[in-house]
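Trainee: Have a look at the structure that comes next, please.
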């Protein structure tokens, strides 16, 4: 037992040590509570800690070929800690500082700035927002050179607060379709709103401590990291959007209309290539205010474009032939107590069904529909609904206008409902819903929903992909379809839209001119539209043009809307080589080829190279922007210095980098093509005059 | 009836059982209070999520105690060797591919149940049991003791070295505990001094090669520094918690500092205990651990075999030392470490390993009682005795 007692002794020694340590812990508690207690309790009151959100970077919106439509760039707000600078420093420089502030921000006089700074200093405030203006990186660099501020954050008291701002490389192009965000970067309208969940990401959260007037993060390991937003790839074609928008704008100004919409859709894929909505503001200018093509305010009585559906019902459900005749009389016909009129004074007399459709005779279609469906109107309504018109499309953008087609079971159904529905009244459709019907005719009878977002991506990885939903595989028989297409072509060849005939490719479509229903009655205001597709032989695009309340004497769909359609179709036909060809080769993605590194932002480029194991080294001292040079088997970074006031050299950069550099240099950027920058319209190193424009070509 | 059930099922030292139950109840109370912020940050405000998770783990660790105390402690000698061999590749895999948290990879995720698991917990337990076993076999002469040094040193070096790469404070604790074990196991002090030197050297190597060098240096520097402003945020918040607790504390669930103190449910749970239960609560917890250690010593004294005695001493010292280091950090007696408070902190699988530790101590305590009449002979008889 000698061994055991020896061990026991040692255990007791160890136990004693632990007891001693326990005593020390108790003493420390006593010390912290009794002796230092006041100090810690006071500190607890003074330190302000708060959990603040850490903004997630919002995702980008891309066009169909990867051009940036919306992205977030950093901007800065300028604030000041007036308690920081010494008396001497402030006294010597306050005049020149306030002069610079006033001259740069133009929101206050130098005197006012002086008063605010001194007052805040007297009140021992540690934070003063100097201006609400959001400045870019280049301006920030300039301000850092100012007197007082150049002493830095601690001695000079300058505080820059970073704010991410939404930037649209194509300016107002497709503004309402792309949408916008509020000051917290939350989508308010358009795609920014509809895809806010995907774009927004998830803000993180971290503990911040208030120090000298600003919140500094406490890196305590508990922060929840922000999850950056995803990108969305739209189907918008920037060039086509531009064509559509300018054609619409010209027509609206010409006719002094209230608003107008254009939607261009690719027939086979259902992809929206352009969507423009322009409304007149009180000053008489047009801007993108509301998406009439999609939204509920755009759901109105479509007028004669709906005759396509009526014709389809007649051809499909009855044995009516295009060569049959119909008596339209003298242009006035009474259904019960309501008089229906045709546009042509004196009427069209007895005409064939084909002529009736081409000349858009209201009386003709109404008489035919009443003749065949008058006893069983629900059959007509059911046909239209089963065909696929009258149900919401479930479009990807929020706030789709609900379509409405009156049915015999409705309390407001009357004897005149059927004849009026037959030519596009007593029902409501948005331009997009009408277009979907025309697209189905162009698409060999297959009705699909339009889509505007192709995929949600995280960098190059597709997170979610969208495909058009098939609403109706076959809206009608082959014969009916052939007849309908003949009719739609006839409208342009001989009918109401013959004013846009004469192109060397064929357009097919239907005009519409609906009287507007305002405050419970029909007034002499019109809703002019043209919906159709082209080239008629092998339809590639379908399109609808809507112009609301045109004034200057011309009011008809043929005069007002059809020319816009033609202008867009002409431009696309001349630009888009694909229209001539039946098939488009699949886009080959060369993912295995490593992109050539030519120029860009050093920290990012070297990180990429390091990740891929490409040997690289710096040949420039401390330069952020670099170009590359091959040195043996490795890449050497040479300086590509961005000098103030001079045009930077962006050749070889990605669009994102080039935009950042050029915008910061105060240049307005116009973009052509995609890929990396191939050439720039202003030579690098020349002087920049404020607000001048530069064109860059990507390739 | 309950009493009968306890007597039939909970064998071994009843006081150890009582202490463990007391700490478990405290644990659930404090962890529930301290995980509020975490619940808002990670679980969308579902505060019951962590309560449920922790309660389940606490119950599971009680089950682990129960299971471990049913097994004859002599089996642990063999089991621990196996566990030690398994833990080496596990530690390596963890270092290279494990889940990262705070820039240190310490966790492996067990595939099917999707539970994070720290291989260092397994390695730690296996190492202590192995050392107790090696030492107990070589008590007859100093020559034998010297022989025992090599395997101990080897295992201790490998395990501590691997753990030090990603978790320096745990490695130091394990190394210190090994030293203490050897001291208790009558290894001469001159050898121990030599070992400490080797340990310090390899510690430095691990710091240079591993992931934690910067953290350790800055934490130790800020601890040694006199500059008040250099006081780390965690320490500052912890002191505020301790100071604001007073004698009786703010009351259960009334902590303010839990919102700001990082890991208030594990590394700094002692500060929250003092804040909510005051000096009285803090001292009570200390007394509970001291009592636990004392009962471990009683088990040691009552055990007939050197192995059982050393095993119980090793495990109780390891547990209590970790407890005091955790408490020491909270009140500012040492640099900041990431060690949980055993039996109290919320800590996933480490709670289960702590349970097994306690279970082994209890197994030693009951093993002797059962064995007393028939001593030396094989296991068969013992089982019959246990059933009777």
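The values are calculated or read from the model by the stated rules, or taken from the named source; none is laboratory data. Predicted, not measured: the structure shown is a model, and the values here were computed from it. So basically every Cβ, Gly included, is an ideal-geometry build from the backbone, and we count neighbours across all protein chains shown.
Trainee: Looking at B:187, B:196, B:158, B:220, which one is in contact (Cβ under 8 Å) with a residue 24 or more places away in the chain and closer than 30 Å to residue B:235 by Cβ?
Mentor: B:220
Let's see how each residue does on (1) under 26 Å from residue A:9 (Cβ atoms); (2) outside any helix (DSSP H, G or I); (3) over 25 Å from the mean Cα position of the chain (by Cα); (4) modelled with pLDDT under 80:
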| position | (1), (2), (3), (4) |
| --- | --- |
| B:183 | yes, no, no, no |
| B:193 | yes, no, no, no |
| B:211 | no, yes, no, yes |
| B:219 | no, no, no, yes |
| B:226 | no, yes, yes, yes |
| B:229 | no, no, yes, yes |
| B:237 | no, no, no, no |
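Trainee: Between A:251, A:274, A:244, which is part of a helix (DSSP H, G or I) and either free of Cβ contacts under 8 Å to residues at least 12 places away in the same chain or within 22 Å of the chain's Cα centre (by Cα) (or both)?
Mentor: Among A:251, A:274, A:244, only A:244 is part of a helix (DSSP H, G or I) and either free of Cβ contacts under 8 Å to residues at least 12 places away in the same chain or within 22 Å of the chain's Cα centre (by Cα) (or both).
Trainee: Same structure again: Looking only at the range B:167-174, decide whether some residue is under 23 Å from residue B:79 (Cβ atoms) and over 18 Å from the mean Cα position of the chain (by Cα).
Mentor: no
Trainee: Output the residue which, of all residues in the range B:266-278 that are closer than 20 Å to residue B:322 by Cα and within 11 Å of chain A (Cβ to nearest Cβ), is surrounded by the most Cβ atoms within 10 Å (Cβ to Cβ).
Mentor: B:271
Trainee: Go through the range A:1-60 and count every residue that is more than 7 Å from chain B (Cβ to nearest Cβ), without any contact (Cβ under 8 Å) to a residue 60 or more places away in the chain and touching a helix residue (DSSP H, G or I) at 6+ places or on another chain (Cβ under 6 Å).
Mentor: 0
Trainee: Any idea which of (1) more than 28 Å from residue A:206 (Cβ to Cβ); (2) free of Cβ contacts under 8 Å to residues at least 60 places away in the same chain is the one residue B:52 doesn't satisfy?
Mentor: Only one criterion is unmet by residue B:52, namely (1).
Trainee: Let me confirm something: among B:333, B:311, B:352, which residue is more than 13 Å from residue B:269 (Cβ to Cβ), within 14 Å of another protein chain (Cβ to nearest Cβ) and in a helix (DSSP H, G or I)?
Mentor: Answer to the check: B:311.
Trainee: Which residues, taken from the range B:1-27, are in a helix (DSSP H, G or I) and buried (at least 18 other Cβ atoms within 10 Å of the Cβ)?
Mentor: B:16, B:17, B:19, B:20, B:23, B:24, B:26, B:27, listed by residue number.
Trainee: Taking the residues in the range A:174-212 that are part of a loop (DSSP other than H, G, I, E, B) and surrounded by fewer than 22 Cβ atoms within 10 Å (Cβ to Cβ) as candidates, determine which candidate is nearest to the other protein chains (Cβ to nearest Cβ).
Mentor: Per the criteria, the residue is A:203.
Conditions tested, residue by residue: (1) modelled with pLDDT under 80; (2) over 26 Å from residue A:460 (Cα atoms); (3) in a strand (DSSP E or B).
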| site | (1), (2), (3) |
| --- | --- |
| A:597 | yes, no, no |
| A:606 | yes, no, no |
| A:610 | yes, no, no |
| A:617 | yes, yes, yes |
| A:620 | yes, yes, no |
| A:638 | yes, yes, yes |
| A:649 | no, yes, no |
| A:652 | no, no, no |
| A:679 | no, no, yes |
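Trainee: Which of the following residues is under 30 Å from residue A:111 (Cα atoms) and either in contact with a helix residue (DSSP H, G or I) (Cβ under 6 Å, 6 or more places away or on another chain) or at pLDDT below 90 (or both): A:90, A:68?
Mentor: A:90
Trainee: Let me ask another. Go through the residues of the range A:84-103 one by one and say whether even a single one is within 14 Å of chain B (Cβ to nearest Cβ) and either in a strand (DSSP E or B) or more than 30 Å from residue B:257 (Cβ to Cβ) (or both).
Mentor: no
Trainee: So which of A:61, A:35, A:29, A:47 ends up being surrounded by 14 or more Cβ atoms within 10 Å (Cβ to Cβ) and more than 58 Å from the chain's Cα centre (by Cα)?
Mentor: A:29
Trainee: What tally of residues in the range A:393-441 results from selecting those that are over 20 Å from residue A:545 (Cα atoms) and out of contact with any helix residue (DSSP H, G or I) (no Cβ under 7 Å at 6 or more places or on another chain)?
Mentor: So the answer is 13.
Trainee: Might you check whether a residue that is within 24 Å of residue A:264 (Cα to Cα) and either outside any helix (DSSP H, G or I) or modelled with pLDDT under 85 (or both) occurs anywhere in the range A:157-169?
Mentor: Among the residues of the range A:157-169, at least one is within 24 Å of residue A:264 (Cα to Cα) and either outside any helix (DSSP H, G or I) or modelled with pLDDT under 85 (or both), which makes the answer yes.
Trainee: Return the residues of the range B:249-265 that are crowded, with 24+ Cβ neighbours inside 10 Å and more than 9 Å from chain A (Cβ to nearest Cβ); say none if nothing qualifies.
Mentor: Answer for the range B:249-265, where residues must be crowded, with 24+ Cβ neighbours inside 10 Å and more than 9 Å from chain A (Cβ to nearest Cβ): B:255, B:258, B:264, B:265.
Trainee: Taking into account only those residues within the range B:236-248 that are within 11 Å of chain A (Cβ to nearest Cβ) and surrounded by fewer than 24 Cβ atoms within 10 Å (Cβ to Cβ), which is farthest from residue B:331 (Cα to Cα)?
Mentor: Out of the qualifying residues, it is B:247.
Trainee: Hey, does the range B:254-265 have a residue that's outside any loop (DSSP other than H, G, I, E, B) and free of Cβ contacts under 8 Å to residues at least 40 places away in the same chain?
Mentor: Yes, some residue in the range B:254-265 is outside any loop (DSSP other than H, G, I, E, B) and free of Cβ contacts under 8 Å to residues at least 40 places away in the same chain.
Trainee: From the list B:62, B:38, B:96, pick out the single residue that is in contact (Cβ under 8 Å) with a residue 12 or more places away in the chain, away from chain A (no Cβ under 14 Å) and in a helix (DSSP H, G or I).
Mentor: That would be B:62, the only listed residue that is in contact (Cβ under 8 Å) with a residue 12 or more places away in the chain, away from chain A (no Cβ under 14 Å) and in a helix (DSSP H, G or I).
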